[in-house]
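Novice: Just passing along the structure, written as structure tokens.
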Amino acid sequence: MPGFWGRWAIDCRAMESTIAFIGGGNMASAIIGGLRGQGLPAAQVEVVEPWDEARARLAQQFGVQAQAAPGEALRRAGVVVWAVKPQTFREAAQAAAPFCADALHLSVAAGIRSDSIAAWLGSERIVRAMPNTPALVGLGMTGLYARPSVGDADRAQVERIVATTGESVWVDAEPLLDGVTALSGSGPAYVFFFIEAMTRAGIEMGLTAAQAQRLAVGTFRGAAELAHRSDEPPELLRQRVTSKGGTTYAAITALQADGVDALLVKAIRAAQARAAELGDEFGR
């Protein structure tokens with residue numbers, strides 16, 4: 001089915017180009033699944049993944065063939081997606097660089113700065129992306145930063161790739177990606193943390209674990225969708241369900257008295273600091 005990706009796929013076939021993934025874990029799988037769902041043929045996907053089990057899973061799930069190490073097949077890649085752990089990026093880049101110098105590079109590795117990636121790959125066509133795990137169900141949020149050498153056509157191509165997993169936001173300065181990492185990259189864990197606590201409260205109040213979890217998850221899902229559709233700020237949406245002296249008022253007042261909002265901001269800033277540290281630790 002052609003669609004917005006199908007046209008690009010047709011162009012790729014004409015150029016005998018592929019999209020390559022270095023690393024075949026969850027984030028790579030989310031993007032590959034999105035691309036395949038939009039009609040990109042399996043033959044136009046290259047994957048380098050050292051683990052036998054992961055290669056077998058990719059073949060079974062998406063029909064794509066993965067190699068244990070980079071090789072000549074990478075020369076056909078028009079885009080290379082770097083989906084490796086920060087601590088293994090440099091080694092992976094040095095092994096793959098001889099085969100993909102002319103490609104557009106899209107990194108989804110947390111913390112590793114584009115200066116380091118450019119030095120390792122010998123290329124300036126680099127876009128850094130910070131996705132999050134809801135990409136696995138097509139509801140991801142991804143922050144994007146492009147180096148100056150990345151042109152409009154390259155940006156559009158990255159947007160088409162990322163759109164298969166959800167929404168995206170461009171930032172103009174690379175350090176802002178540390179904030180994106182802290183806010184939305186790590187953000188799903190904060191939501192799960194609150195769901196855990198709400199579920200525990202439900203159980204303490206006599207609900208079954210299944211009932212409590214269903215209520216907590218459904219509440220987050222509905223509230224997030226309401227905020228997504230509304231033009232009003234979250235503060236106003238909150239105030240509308242917080243009648244003074246009511247049940248919600250009692251809960252919010254208790255949270256504010258304990259400084260939960262300030263603690264959450266502090267936690268997110270800690271994640272931001274750690275994202276910056278990752279670049280210092282593994283970007284040399």
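Novice: At 7 Å along the Cα-to-beta-carbon direction for both Ala42 and Leu263, put a label point, then send me their distance in nm to one decimal.
Specialist: Roughly 4.9 nm, to one decimal.
Novice: Based on the alpha-carbon set only, what is the convex hull volume of segment 187-278 divided per residue, in Å³? Working shown, then result.
Specialist: Details: hull volume 11.8 nm³, N = 92.
Each residue corresponds to 128 Å³ of Cα convex hull volume.
Novice: Follow-up. Taking the Cα centre of the chain as origin, work out the dipole magnitude from +1 charges on Lys and Arg Cβ and -1 charges on Asp and Glu Cβ, in debye rounded to 20.
Specialist: Working: 26 positive and 29 negative charges, 95 e Å.
Dipole size: approximately 460 debye.
Novice: Taking +1 at the Cβ of each Lys and Arg and -1 at the Cβ of each Asp and Glu, which of Pro70, Gln239, Ala257 sits farthest along the dipole of the chain towards its positive end, judged by Cα position relative to the Cα centre?
Specialist: Towards the positive end, the residue furthest out is Gln239.
Novice: Arrange Arg76, Arg200 by Cβ neighbour counts within 10 Å, fewest through most, would you?
Specialist: Arg200, Arg76
Novice: Hey, fewest Cβ within 10 Å first, where do Trp120, Trp170 land in order?
Specialist: Trp170, Trp120
Novice: Here's a follow-up. Taking the Cα centroid of segment 212-284 and of segment 85-146, what is the distance between the two, rounded to the nearest whole Å?
Specialist: Centre-to-centre (Cα) distance: 29 Å.
Novice: Take every Cα pair under 8 Å in segment 187-278 that's 6+ residues apart, average their separations, divide by the length, and report that relative contact order as a whole percent. The partial results should precede the final answer.
Specialist: Values: 29 pairs, mean separation 12.3, N = 92.
Dividing the mean separation by the residue count of segment 187-278 yields 13 percent.
Novice: Based only on other Cβ atoms within 10 Å, what is the fewest-to-most ordering of His228, His105? It would help to have the intermediate numbers written out before the result.
Specialist: Working: His228 8, His105 28.
The most exposed by this proxy come first: His228, His105.
Novice: Give me, ordered by chain and number, the residues 5 or more places off Asn132 or on other chains with an amide H under 5 Å from its own placed amide H.
Specialist: Here Met141 satisfy the definition.
Novice: Order of 152-162, 81-91 by packing, highest average Cβ count within 10 Å first? If you can, show how the numbers build up before the last one.
Specialist: On the way: 152-162: 16.8, 81-91: 19.7.
So the peptides 152-162, 81-91, ranked by packing, come out 81-91, 152-162.
Novice: If each DSSP helix of 4+ residues adds -39,500 (n - 2.57) and the sum is divided by the residues in the chain, what number results at 222 nm, nearest 500 deg cm²/dmol?
Specialist: Values: 12 runs with 149 residues, N = 284.
It lands at -16500 deg cm²/dmol.
Novice: Follow-up question, since we're still on this one. Find, to one decimal place in angstroms, the Kirkwood hydrodynamic radius of the chain, where the mean of 1/r is taken over every pair of different Cα atoms and then inverted. If you can, show how the numbers build up before the last one.
Specialist: Numbers: mean 1/r = 0.0483 Å⁻¹.
One over the average 1/r among Cα pairs gives 20.7 Å for the chain.
Just so you know, all these numbers are worked out from the coordinates, no wet-lab data involved. Please read these numbers as outputs of a predicted model, since none were measured by experiment. Positions of Cβ are backbone-derived with ideal geometry, glycine not excepted, and every protein chain shown enters the neighbour counts.
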